1. Beyond 18 Å between alpha-carbons counts as too far, so tell me which of Lys219/Lys352; Lys238/Lys352; Lys51/Lys147; Lys32/Lys155 fall in that bin.
2. Okay, helix-only estimate at 222 nm for the chain: each DSSP H run of n ≥ 4 adds -39500 (n - 2.57), divide by all residues, round to 500 deg cm²/dmol; what do you get?
3. If you consider only alpha-carbon coordinates, what radius of gyration and Dmax does region 152-295 have, in Å?
4. State the percentage of accessible surface on the chain attributable to carbon and sulfur atoms; use a 1.4 Å probe and exclude ligands, DNA and RNA.
5. Whole number please: convex hull volume per residue, Cα atoms of region 83-167, in Å³.
6. Points 7 angstrom from Cα along the Cβ direction at Glu342 and Glu47: gap in nanometres?
7. Quick one: pull the percentage of alpha-carbon pairs in region 235-287 with a separation above 13 Å.
8. To the nearest µm²/s, what D does Stokes-Einstein give for region 36-179 at 20 °C and 1.002 mPa s, using the Kirkwood radius over alpha carbon pairs as Rh?
Amino acid sequence: MHAPFFDAHSIRLVQAPMAGSQNHALAAAVFKAGGLGSLPAAMLNAEQLHKELSDFQRAIASNVLPKVSWASLLPVNVNFFCHTPPKAQPDKEAAWRLKLSPAYQSHGIDPATVGAGPGRAPFSEESLALMGEFKPAVVSFHFGLPKPEWVQQLKAWGIQIWSSATTVAEAQWLERQGADAVIAQGLEAGGHRGMFLTEDLSSQIGTFSLLPQIVKAVKVPVIAAGGISSAAAVRAAKSLGATAFQVGTAFLTSHEATTSTLHRQALMSEAARHTALTNLFSGRPARGIVNKFMQDFGPLNPDAPDFPLATAAVAPLRAVAEAQGSGDYSPLWSGQNASDCEALPAAEIAHKLLQGWSS
Ligand SMILES: Cc1cc2nc3c(=O)[nH]c(=O)nc-3n(C[C@H](O)[C@H](O)[C@H](O)COP(=O)(O)O)c2cc1C
């Protein structure tokens, strides 16, 4: 156990980083409610991330910080993707655009105007410098860890390193590489699967199967993620050995999230009973509410360009459809359990969840 973080003024609730659906406002609200907020950096450039961190600092400035060693750092989890960017795939991207051409045509989009290139950037030298400037309490990663020198530098600043594990082997690998905690991301989870040692989807299992296996296999604290949206689920995660729990989907409809109206409506409708893993929106499997794009072209399609190159081809379709009030081409990320999604202040959602830990 890492006493300073998880004991004295223990962090139990971690608000899941959700790139594209939240900013400092949600992170600050959850922090003020007694949890740890997260700032997702995957879709921000350095300037935007600098602004988010400064805004977070300002948002919590009047708060009395817990008197524990980690609180001398900025009390937030900054989250990065750490994939290896793929080589350019002009042929694969062109073939994919050709495949999507019926959809482009029906939306009045000229395929020749559709852009290419990445939609998400991995942790970099620039990110490291920003972490040195702001010194957050936690830096977490999705898709493994960045190079060991960078991990060592972050740790030397006193920053905790967390990363998602979707299998026992990934959890053990992360522990060996020096992760201070692992996030056991069950198959129910919304958004991207954090898988990085395997591409085999048959290895991906539900939270309450994965969590006890990881707890048994590693010594570092394990944070349960995936499908946790009620006090009862929090109690279950605690009883299976979780040191803390991470919640995403249940915060998507909070007042402070930046989730679009279309996405909020889908989460609180019957549509949210049908989610699937899809690689169509980015190139990697991620869980979202089934929509027309997934029905017509996937949900998993081997022809989609590699992560994150697939992002560009769908962007104009998404823009046209959303302007017409349709979520047919939007990534409606959601976990399998959106049944507790309510339009509430994040603090209320946090308090309900935290009751499960203390009861
Ligand atoms: C809209 C959305 C965006 C997400 N973006 C990220 C991200 O940027 N980084 C990350 O590590 N995890 C991301 N995740 C996954 C969460 O960290 C977490 O594993 C998941 O939300 C837990 O399952 P739940 O959604 O059922 O609560 C995202 C999840 C959602 C729903």
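The values are calculated or read from the model by the stated rules, or taken from the named source; none is laboratory data. Being a predicted model, the structure only gives us computed values, none of them experimental. Glycine gets a Cβ as well: all are built from the backbone with ideal geometry, and neighbour counts include every protein chain shown. Ligands, DNA and RNA are excluded from the accessible area calculation, which covers all protein heavy atoms including side chains. Shrake-Rupley method; radii C 1.70, N 1.55, O 1.52, S 1.80 Å.
1. Lys219/Lys352; Lys51/Lys147; Lys32/Lys155
2. The helix contribution divided over the chain gives -10500 deg cm²/dmol.
3. 16.0, 48
4. So the carbon and sulfur contribution to the accessible surface is 53 percent.
5. 163
6. 4.1
7. Taking all Cα-Cα pairs of region 235-287, the fraction more than 13 Å apart is 72 percent.
8. Rounded to a whole number, D works out at 122 µm²/s.
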